[in-house]
Every structure is written in structure tokens, then in C-alpha cells.
Amino acid sequence: KRKAEADEEKNADEADDDVTYKPYKPAKLSFGKPHPDPVVENASLSAVEPPPVAYNLALPADVIYDGRLSDLQLEALVYGCQRHLQDLPRAPSS
């Protein structure tokens, strides 16, 4: 039984080693300075295109142009604000 558990754990470790990562850069955001640290994403995630950016972010210009928030942080902010504008479906009333 221990050998089977050890083999299963080894196979799980090997599967983790098969995961590949690609450098991440916001695909739909056209403003902001690059993030100061390297950022990667799973290769399978990079194959999926993100939704279009439809939210008009209103921030002081210096926040963007001085790089106070990176393009990665701005992308998270834009998508969060964009999603917040959507109404959830209402439950039917009794």
C-alpha cells in the first residue's frame, strides 16, 4: 500500500512539473506602465482571451503616467469596476 501511495505522489509531482508558464502582460489594456516584477500565467490561461475593456476608468492622470499603479494593477481595477456595474438577476418574488 505504501508503494502505491508513493507512486501516486510521484506522479502528482511529475504532473506539476509539466505545467508551463508564460510571461503575462494585460492584453486588452492600452495604458499604464509595466509591472515592476515579472508576472507569469499558466499557459492554458494564456490561451483564453480576456473580455473586452468597456469601463472608462476615471483616475487622476498622474496615477497612470507616474506609474503609481502598474498596468497589471490597473487591469484588475478596470475589470473589477466593470464587473461591479452588472446587476445580478433578481429572484422571483413569491
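The values are calculated or read from the model by the stated rules, or taken from the named source; none is laboratory data. Quick caveat: nothing in here was measured; it's all calculated off a predicted structure. All Cβ positions, glycine included, derive from the backbone under ideal geometry; neighbour counts span all protein chains shown. When the accessible area is computed, the model is the full protein with side chains, heavy atoms only, and any ligands, DNA or RNA have been set aside. Shrake-Rupley method; radii C 1.70, N 1.55, O 1.52, S 1.80 Å.
The figures follow:
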| read-out | value |
| --- | --- |
| Matching residues in segment 63-94 - criterion: being under 21 Å from Pro34 (Cβ atoms) and either in a loop (DSSP other than H, G, I, E, B) or open to solvent by 60 Å² or more (accessible area, probe 1.4 Å) (or both) | Tyr65, Asp66, Gly67, Arg68, Leu69, Gln73, Ala76, Leu77 |
| Selection status of Leu59, open to solvent by 40 Å² or more (accessible area, probe 1.4 Å) and touching a His at 6+ places or on another chain (Cβ under 6 Å) | no |
| Some residue of segment 23-37 being part of a helix (DSSP H, G or I) and either in contact with a helix residue (DSSP H, G or I) (Cβ under 8 Å, 6 or more places away or on another chain) or surrounded by 12 or more Cβ atoms within 10 Å (Cβ to Cβ) (or both) | no |
| One residue from Glu49, Glu41 being within 24 Å of Thr20 (Cβ to Cβ), exposed (fewer than 11 other Cβ atoms within 10 Å of the Cβ), out of contact with any Gly (no Cβ under 6 Å at 6 or more places or on another chain) and of a type outside the set (Gly, Ala, Ser) | Glu49 |
| Subset tally (residues that are closer than 15 Å to Lys28 by Cβ and hydroxyl-bearing (Ser, Thr, Tyr)) for segment 51-69 | 1 |
